[in-house]
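This report refers to the structure that appears directly beneath it.
The values are calculated or read from the model by the stated rules, or taken from the named source; none is laboratory data. Quantities reported herein were computed from a predicted structural model and do not represent experimental measurements. Cβ placement follows ideal geometry from the backbone for every residue including glycine, while neighbour counts extend to all protein chains displayed.
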Amino acid sequence: MAAKAFTLPRGIRDTDPVEMNQRLWLYDKIRDVVRRYGFQMVEPATIENLNTLEAKSGPAIRSEIYWFKDKGGRSLGLRFDLTVGLARMVANRSDLPEPIKFATIGGNWRYDEPQYGRYRYFNQWDVEIFGSESPLADAEVICVGADILSSVGLKDCIIRISNRKLTEAYLKQLGIRSGKRLDQCLRIIDKLRKANREQLEKEFQAAKIGKEAVKGIFSFISLNGPPASVLRELDKFTFSEENAKKGLEELKVLAGALASLGRLGVCVYDLSIVRGIGYYDGIVFEAFDKGGEDVGSIFGGGRYDRLCRIYGKRDIPATGVAGGIERLMISLERDSLFPKSPMGAKVFIATVQEGLKQEATKLAQKLRDNGIATEVDLKTRPLGKQLEYANAAKIPFLIVLGPQELQTQTVKVKEMATRNEMPVPLEALVEKLQSLN
């Protein structure tokens with residue numbers, strides 16, 4: 001009877017050694033950047049009470065996430081992002097001094113339709129600042145995102161920035177004042193890069209937004225360019241809503257902060273950016289790789305001053321940024337930016353006879369103790385088969401240990417790529433291998 005084939009659920013995938021090596025390199029780059037800004041690494045729980053996940057988005061979120069009842073009948077859900085868990089953590093910790101700067105890298109689950117660059121299980125990096133109302137905090141998380149992209153070699157990226165206070169206030173001036181209609185309009189605007197104007201006009205019509213209002217919306221969200229020029233255009237508007245004036249002032253302060261931090265050159269102000277997630281309520285932004293916008297934004301975020309009050313006693317302002325690991329990896333792969341560093345062992349020690357396995361193991365452990373990844377044969381294979389394995393596993397250096405090598409206390413280190421061999425005394429072997437790339 002044929003063996004049963006076991007497959008993965010739709011939208012879920014394994015990580016092979018090549019990709020895992022790339023991920024670990026990327027995670028190290030991200031952690032290095034966030035530490036330079038003083039963030040502390042944490043991880044929120046992967047499973048939350050369902051009411052925690054529903055607290056902001058309502059019961060409708062159930063159709064978009066993985067949720068279930070446990071053996072005790074409790075309704076639970078897998079986290080769908082990292083921000084909610086971090087906000088819950090902070091809201092229940094009155095002992096933490098402000099500002100609280102947390103960072104994390106972790107996996108999330110969403111019951112989305114799988115597509116290019118989007119899976120039902122995916123990984124994100126995330127940094128959040130709690131306790132500061134200042135646009136300086138927004139500037140800092142934007143700079144963290146920019147520095148992460150720079151640190152991995154992505155130079156041709158653009159960060160698009162706006163302010164939901166400003167957009168919502170403008171929509172209210174157009175007569176769109178109810179919370180439900182505002183949310184509908186923001187969701188439609190958020191689709192600007194995925195649908196053409198005709199499609200969006202039909203959606204506005206279905207939401208019962210008048211033609212003049214729709215015309216005004218498209219005029220407003222078409223504003224984009226260098227921050228200074230967009231701010232000049234916005235100064236020509238007559239805003240009656242107080243929130244619009246506040247949002248505009250925040251954008252002005254943000255531009256100054258980004259200039260001071262030396263990152264204004266990679267930023268544009270683009271009023272079509274609103275972010276589809278409902279908890280955002282101020283400055284918002286998304287970053288795109290100019291050579292790969294088909295995968296969508298490679299990081300995004302913004303301010304969410306009202307989220308923490310939902311989850312605990314601590315009501316504090318917050319801002320943050322998160323980026324999809326899988327999307328970032330697509331951009332890095334396209335630009336050949338992953339290092340060609342070897343995976344697994346650096347050295348394989350083969351033996352010419354079984355009786356030398358103990359000596360090979362002692363030598364391997366000495367190399368390992370000095371930080372050199374080393375393998376020995378674990379299958380009792382003849383020398384030829386050991387060499388075949390080392391070649392197939394792409395281990396860059398080979399040592400063959402025999403009676404003569406033990407007698408002379410000298411081995412030959414063979415570089416597999418060039419087939420060159422170099423005699424090395426055993427007493428100098430560690431130092432020599434450490435010097436080889």
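Looking at the stretch 79-88, which of its residues are of a type outside the set (Lys, Arg) and either touching a Leu at 6+ places or on another chain (Cβ under 9 Å) or without any contact (Cβ under 8 Å) to a residue 24 or more places away in the chain (or both)?
Phe80, Thr83, Val84, Ala87, listed by residue number.
Taking the criterion of being touching a residue at least 24 places away in the same chain (Cβ under 8 Å), under 17 Å from Glu241 (Cα atoms) and in a loop (DSSP other than H, G, I, E, B), the residues of the stretch 151-191 that qualify are Leu174, Gly175, Ile176. Once the stretch 206-260 is narrowed to residues that are farther than 16 Å from Phe285 by Cα and among the hydroxyl-bearing types (Ser, Thr, Tyr), the residue that is surrounded by the fewest Cβ atoms within 10 Å (Cβ to Cβ) is Thr238. Would the stretch 42-58 turn up any residue that is more than 23 Å from the chain's Cα centre (by Cα), exposed (fewer than 11 other Cβ atoms within 10 Å of the Cβ) and either of a type in the set (Phe, Trp, Tyr) or assigned by TED's automatic domain parsing to the domain that holds Phe102 (or both)? Within the stretch 42-58, none of the residues are more than 23 Å from the chain's Cα centre (by Cα), exposed (fewer than 11 other Cβ atoms within 10 Å of the Cβ) and either of a type in the set (Phe, Trp, Tyr) or assigned by TED's automatic domain parsing to the domain that holds Phe102 (or both). Among the residues of the stretch 327-384, just one is of a type in the set (A, V, I, L, M) and touching a Pro at 6+ places or on another chain (Cβ under 7 Å), namely Met343. Consider the stretch 291-322. How many of its residues are under 16 Å from Gly117 (Cα atoms) and surrounded by fewer than 18 Cβ atoms within 10 Å (Cβ to Cβ)? Final tally of qualifying residues: 3. Filtered by the rule that a residue be touching a residue at least 24 places away in the same chain (Cβ under 8 Å), of a type in the set (D, E, K, R) and assigned to a loop (DSSP other than H, G, I, E, B), the stretch 236-295 gives Glu241, Arg263, Arg275, Asp281, Lys290.
The residue pairs whose first member lies in the stretch 1-28 and is surrounded by 10 or more Cβ atoms within 10 Å (Cβ to Cβ), whose second member is basic (Lys, Arg) and at pLDDT below 95, and whose beta carbons are closer than 9 Å, counting only pairs six or more residues apart or on different chains, are Gly11/Arg118.
Residue check: Glu98 meets all listed conditions (1) closer than 20 Å to Ile277 by Cβ; (2) in contact (Cβ under 8 Å) with a residue 40 or more places away in the chain but one, namely (1). For the stretch 282-296, filtering for residues that are in contact with a Lys or Arg (Cβ under 6 Å, 6 or more places away or on another chain) and modelled with pLDDT of 85 or more leaves 4. How many residues, within the stretch 378-399, are buried (at least 20 other Cβ atoms within 10 Å of the Cβ) and β-branched (Val, Ile, Thr)? Within the stretch 378-399, residues that are buried (at least 20 other Cβ atoms within 10 Å of the Cβ) and β-branched (Val, Ile, Thr) number 2. A residue that is aliphatic (A, V, I, L, M) and either under 17 Å from Leu192 (Cα atoms) or touching an Asp or Glu at 6+ places or on another chain (Cβ under 6 Å) (or both) occurs nowhere in the stretch 325-343.
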